[in-house]
Amino acid sequence: MLKGKVAVVTGSTGGIGLAIARALAGQGADIVLNGFGEVLEIERLRAGIERDFSVRARYVPADMSRGDEAAGLVREAESTLGTCDILVNNAGIQHTAPIEAFPVERWDAIMAINLSQSFHTVRAAIPGMYRRGWGRIVNIASVHGRVASVNKAAYVAAKHGLVGLTKAVALEAAGRGVTSNAICPGWVLTPLIRKQIDIRAQERGIPDVEAQADLLAEKQPSKQFVTVEQIGGLALFLCSPAADQITGQELGIDGGWTAQ
Ligand code: NAD
């Protein structure tokens, strides 16, 4: 389905981003991986994608907290693999604290990575998508792009902003073969939420597995984690012809969290 297309997935050296990259590669897309990690481990992931799916895969170590590097990631995809047809803005970080104690530097970093990154990458990628008359922009937002939780001021603000950006771009791109959508996951068991589970286990003196169940019970009616493969499947669907007319949407995948 995606043979001949190039997909750039930010923050794809682990977690949700890696699962999305592998889902897109599974349908024939060439992949640009991005994110931090051990050099050898990243090379193992990159080579694994080439081997498992017979596609081209490149790794670009751009820092998504920097606008010039975010735009540069798209330019590098275009210069090494030819185009950027699918752009998945996935890199993201979290920090929890009440607003009066929220470190200013963490606010700035979350805004840069979780929101401004997407402005810079979309701005760089969309002219090529317009020229070719086809493009898919998939922004990985969160339930926190739709509703709030305590102690997450920066994350909630950035993800709501990302949903707004998704809609604005969808309107500009409408009718030009380019769609822009946001995926809004609930709890997914990745390193990003590890710290929150650890804090909960420590504060309540309970084992890890109980802290996980506790976290789910509080917000996610299904009481099950969303899996990274399920998010990969949804991103892939948004790149399929069935989704040609889906644009400007915030698609929940949250075990019922936002239905409450
Ligand atoms: P993760 O921590 O497992 O992975 C994050 C990825 O982003 C890693 O590859 C990391 O190297 C990369 N990254 C971090 N900072 C970067 C930077 N400055 N430049 C480039 N890459 C950078 O997290 P995850 O859970 O897979 O999260 C992926 C996205 O999904 C994030 O945007 C997150 O907000 C969102 N999300 C996660 C959950 C969840 O429960 N895990 C829920 C909703 C939304």
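The values are calculated or read from the model by the stated rules, or taken from the named source; none is laboratory data. Values in this document were obtained by computation on a predicted structure and should not be read as measured data. Note: ideal-geometry Cβ built from the backbone for every residue, glycine included; neighbour counts use all protein chains shown. Just the protein is used for accessible areas: all its heavy atoms, side chains included, with ligands, DNA and RNA removed. Shrake-Rupley method; radii C 1.70, N 1.55, O 1.52, S 1.80 Å.
When you have a sec, figure out the Kirkwood radius of segment 132-260 from all distinct Cα pair distances and drop it here in Å to one decimal?
On the way: mean 1/r = 0.0635 Å⁻¹.
About 15.8 Å, per the Kirkwood formula over Cα pairs.
Let me know the shape class of segment 30-132, please: from the alpha-carbon gyration tensor, a ≥ b ≥ c as square roots of the eigenvalues, rounded when a/c is under 1.5, otherwise prolate if a/b is greater than b/c, or oblate. The partial results should precede the final answer.
On the way: a/c = 2.86, a/b = 1.48, b/c = 1.93.
Oblate.
7 Å from Cα along Cα→Cβ at both GLN224 and GLU172: what's the point-to-point distance in nm?
The two pseudo-label positions are separated by 3.9 nm.
Once phi is turned into θ = phi - 60°, what whole-Hz ³J(HN,Hα) does the Karplus curve with 6.51, -1.76 and 1.60 give for every residue of segment 79-91, x standing for Gly and Pro?
Once θ is set to phi - 60°, the couplings for segment 79-91 become 7, 8, 10, x, 8, 9, 8, 10, 10, 10, 8, 10, 3 Hz.
Name the residues whose placed amide hydrogens come within less than 5 Å of the amide hydrogen of LEU251, ignoring near sequence neighbours (fewer than 5 apart) on the same chain.
Correct list: ALA182, ILE183, CYS184.
In degrees, nearest 10, range 0 to 90: what is the angle between the Cα axis of helix 15-26 and the longest Cα principal axis of the chain?
30 degrees
Under the Karplus relation 6.51 cos²θ - 1.76 cosθ + 1.60, θ = phi - 60°, what is the ordered set of whole-Hz ³J(HN,Hα) values for segment 41-53, x standing for Gly and Pro?
3J(HN,Hα) across segment 41-53, in whole Hz: 5, 5, 5, 5, 5, 4, 5, x, 5, 4, 5, 5, 10.
Put MET64, MET1 in order of accessible area, largest first, 1.4 Å probe: what do you get?
Working: MET64 10, MET1 105 Å².
Highest to lowest solvent-accessible surface, that is MET1, MET64.
What does the C-alpha gyration tensor say about the overall shape of the chain? Classify as rounded when a/c is under 1.5, otherwise prolate if a/b is larger than b/c, or oblate.
On the way: a/c = 1.60, a/b = 1.47, b/c = 1.09.
Prolate shape, in that a/c is at least 1.5 and a/b is the bigger ratio.
What ratio of Cα Rg to 2.2 N^0.38 Å holds for segment 116-202? Write out the running numbers ahead of the final one.
On the way: Rg = 15.7 Å, N = 87, 2.2 N^0.38 = 12.0 Å.
Against the empirical 2.2 N^0.38 Å value, I get 1.30 for segment 116-202.
With every protein chain left in place, what is the accessible area of PHE237 in Å² (1.4 Å probe, nearest 10)?
PHE237 has an accessible surface of roughly 90 Å² with all protein chains in place.
Explain nothing, just compute: Karplus ³J(HN,Hα) = 6.51 cos²θ - 1.76 cosθ + 1.60, θ = phi - 60°, for every residue of segment 177-192 in order, whole Hz, x for Gly and Pro.
After applying 6.51 cos²θ - 1.76 cosθ + 1.60, I find x, 10, 10, 9, 9, 10, 9, 10, x, x, 5, 10, 7, 10, x, 4 Hz.
Please list, or write none, the lysines whose alpha carbon is within less than 20 Å of the alpha carbon of LYS219, excluding same-chain residues fewer than 8 places away.
The reachable lysines, counting only those whose Cα sits under 20 Å from LYS219, are LYS152, LYS159, LYS195.
What number comes out for accessible area per residue over segment 1-160 if the probe is 1.4 Å? Units Å², please. Working shown, then result.
Numbers: 6610 Å² over 160 residues.
About 41 Å² of surface per residue is accessible.
Carbon and sulfur: what percent of the chain's accessible surface (1.4 Å probe)?
Numbers: 6350 of 11550 Å².
The value for the chain is 55 percent carbon and sulfur by accessible area.
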